[in-house]
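All remarks here apply to the structure that follows.
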Amino acid sequence: MSENPWYTTYFGEDYHSMYDVLSPERTAWEVHGIVKRLALPPGSSILDLCCGHGRHTIPLAKRGYRVTGQDLSEVFLRQAQAEAETQGVPIRWIHSDMRNIPFENEFDAVINLYSSFGYLENEDEDRKVLQQVQQALKPGGLFLLETIHREALLRYYNPHEIRRLADGLIVLEERSFDLLNSRSNAQLTLLHADGRRTAYHHSVRVYTLTELVRMLTDAELRVQGYYGGLDGRELSLASPRQIVLSRKA
């Protein structure tokens, strides 16, 4: 196993082979929810923190927002930049760890989606992210955070999954949940159609709503609302996702 943190190698060339591609319809639905939750006029500045390959960054820019995308994966950033150029939208791209946001009082909103909060080694490191978010926001700026909902994850926990993808790849995923540290861990084995075998692992700290509110408050981000989806639905025990909206004082 590599000595480097798992998130430095996991989001590379193999990543999109491991999962079914999310549909354009789902992305459009999510972007609509983001815009509705933030309620900011076009021209507002938004940082997509852990932007990946620009799935939300680019549509937000096409809606007239001034968008910056930041990610640690050079592979994803190259894909995002190429797609943005193809679609003719100007976006500022930043290659950096989420603990280092190189801006101060810059953004009307920061968004962090798809459970990327919790990747780091411990709660202290996650707190550094929130401090950086607070610093990067303008006074009154909004932070939209989307994560796994711990209650639903444990309620429906699936320790094994086999995925057979259209290109012949078979993905074996073995999961375990560390109750003491509240981390969901997974080992993935990729069986390629040509006989190759590759392996990855990931580990995500899964926070309760109570923990997130406490951490955001400590970072001087005042919680404005919480939801069970980007469409604003009520958070319940069965909600697979939890969204927390907070504001810089």
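The values are calculated or read from the model by the stated rules, or taken from the named source; none is laboratory data. Predicted, not measured: the structure shown is a model, and the values here were computed from it. Here Cβ is always computed from backbone atoms with ideal geometry, including for glycine, and neighbour counts include all displayed protein chains.
Listed here are the residues, each with its yes/no results for (1) out of contact with any Ser or Thr (no Cβ under 8 Å at 6 or more places or on another chain); (2) in a helix (DSSP H, G or I); (3) assigned by TED's automatic domain parsing to the domain that holds Tyr119; (4) among the β-branched types (Val, Ile, Thr).
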site	(1), (2), (3), (4)
Glu30	yes, yes, yes, no
Ile34	yes, yes, yes, yes
Pro42	yes, no, yes, no
Gly52	no, no, yes, no
Gly64	yes, no, yes, no
Arg78	yes, yes, yes, no
Val89	yes, no, yes, yes
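One line per residue, one yes/no per condition, for (1) under 20 Å from Gly52 (Cβ atoms); (2) among the hydrophobic types (A, V, I, L, M, F, W, C):
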residue: Ser116; (1), (2): yes, no
residue: Leu137; (1), (2): no, yes
residue: Phe143; (1), (2): yes, yes
residue: Asn158; (1), (2): no, no
residue: Asp178; (1), (2): no, no
residue: Ser184; (1), (2): yes, no
residue: Glu220; (1), (2): no, no
residue: Gln224; (1), (2): no, no
residue: Gly228; (1), (2): no, no
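What residue, among those in region 58-92 that are among the hydroxyl-bearing types (Ser, Thr, Tyr) and without any contact (Cβ under 8 Å) to a residue 40 or more places away in the chain, is nearest to Leu38 (Cα to Cα)?
Only one residue tops the list, namely Tyr65.
Every residue in region 155-169 that is closer than 13 Å to Tyr19 by Cβ and either in contact with a strand residue (DSSP E or B) (Cβ under 7 Å, 6 or more places away or on another chain) or surrounded by 14 or more Cβ atoms within 10 Å (Cβ to Cβ) (or both), please.
Glu161, Arg163, Arg164, Leu165, Leu169
Which count do you get for residues in region 211-249 that are in a loop (DSSP other than H, G, I, E, B) and crowded, with 16+ Cβ neighbours inside 10 Å?
Result for region 211-249: 6.
Here is a yes/no grid of residues against (1) among the small types (Gly, Ala, Ser); (2) within 26 Å of Leu216 (Cα to Cα):
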{"site": "Asn4", "(1), (2)": "no, no"}
{"site": "Thr57", "(1), (2)": "no, yes"}
{"site": "Thr68", "(1), (2)": "no, yes"}
{"site": "Ser96", "(1), (2)": "yes, yes"}
{"site": "Leu113", "(1), (2)": "no, yes"}
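Consider region 115-150. How many of its residues are hydrophobic (A, V, I, L, M, F, W, C) and over 16 Å from Leu216 (Cα atoms)?
Of the residues in that region, 2 qualify.
Is it true that some residue in region 111-125 is surrounded by fewer than 16 Cβ atoms within 10 Å (Cβ to Cβ), more than 29 Å from Leu209 (Cβ to Cβ) and either not assigned by TED's automatic domain parsing to the domain that holds Arg241 or not basic (Lys, Arg) (or both)?
no
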